Amino acid sequence: MKKCTSLCGKLFILFIFAFVSFYVPTGKADARLASYSKKVNVWDVKASGLNIRSGPGTTYPVIAQVSQGTDLVEYCPSADCGVTNSGDFTWTRLYYPSASIGYYANAASGWAAFYNNVGNRVFNYHYTAVAKTSRATSMYTSDCSNLSGLIRHFPQENYYLQAFDSELKASPCNPNAWRLQDPQGDSDAEGYFYSGFVNGWNLKAE
């Protein structure tokens, strides 16, 4: 009887352990995106036109101009670049779409005014929170070094996408790639949601 009590106790403990293990969330829905971490910020130009300069200040030459609604990726290749104050503005380094090197595939790097230091008015752009596809767009599981692992293809434009995090995030190794979640898509048979990376220049941030 004593052996039975001991054995039954062990079996009961194993049963509880198995029950808890089965019902405790394991994060499986995000397993395909395990490499994700907080990444650089994506910005949306709100001014009618924005000058991109070779350095942080109005004394530096204009190397490009981007229009309202353009999506920009904040970029700091080293720990010491960050933002810089010059004149009445605070400047930050960022990626911008360049038609000369492949508008939807590449980006160049430059500086743009981030804040007007006279007061607290945002000068030209801010964080984006949502986006729509501007043309047929694919979503992939991996962002680095190249987009790979096709999850889903959006065949039409203006398909609504929402950030997986509180803001759209880009990848330092692939600044074009944003991590997104498709709220219109269900999870698949394995319990994975349609979350992944898409090419940022294929989107229109709002």
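May I ask you to verify whether S138 is open to solvent by less than 50 Å² (accessible area, probe 1.4 Å), under 16 Å from W201 (Cβ atoms) and among the polar types (S, T, N, Q)?
Against the criterion (open to solvent by less than 50 Å² (accessible area, probe 1.4 Å), under 16 Å from W201 (Cβ atoms) and among the polar types (S, T, N, Q)), S138 qualifies.
For the stretch 146-168, residues that are modelled with pLDDT under 80 and either small (G, A, S) or assigned to a strand (DSSP E or B) (or both) total 5.
Only a single item in (1) modelled with pLDDT under 80; (2) not in a loop (DSSP other than H, G, I, E, B) is not met by Y103, and it is number (2). So, W111, is that one at pLDDT 80 or above, within 14 Å of the chain's Cα centre (by Cα) and not polar (S, T, N, Q) or not? Here the answer is no, as W111 does not meet what is asked. The residue list W201, W178 contains one member that is at pLDDT below 80 and crowded, with 17+ Cβ neighbours inside 10 Å, which is W201.
Among the residues making up the stretch 130-160, those that are touching a residue at least 40 places away in the same chain (Cβ under 8 Å), out of contact with any Phe, Trp or Tyr (no Cβ under 8 Å at 6 or more places or on another chain) and of a type outside the set (D, E, K, R) are S134, C144.
Within the stretch 116-135, the set of residues being at pLDDT 80 or above and open to solvent by 80 Å² or more (accessible area, probe 1.4 Å) comprises R135 only. Take W43 and decide whether it is in a strand (DSSP E or B), in contact (Cβ under 8 Å) with a residue 60 or more places away in the chain and not β-branched (V, I, T). It is true that W43 is in a strand (DSSP E or B), in contact (Cβ under 8 Å) with a residue 60 or more places away in the chain and not β-branched (V, I, T).
Checked against the criteria, G87 does not count as modelled with pLDDT under 75, out of contact with any helix residue (DSSP H, G or I) (no Cβ under 8 Å at 6 or more places or on another chain) and not hydroxyl-bearing (S, T, Y). Scanning the stretch 141-168 for residues that are closer than 16 Å to N202 by Cβ and of a type in the set (D, E, K, R), we see that the one that is nearest to the chain's Cα centre (by Cα) is D143.
The values are calculated or read from the model by the stated rules, or taken from the named source; none is laboratory data. Note that the coordinates shown come from a computational prediction; the quantities given were computed from them, not determined experimentally. Neighbour counts run over all protein chains shown; Cβ positions are idealised from the backbone, glycine included. These accessible areas exclude ligands, DNA and RNA; they are computed on the full protein's heavy atoms, side chains included. Shrake-Rupley method; radii C 1.70, N 1.55, O 1.52, S 1.80 Å.
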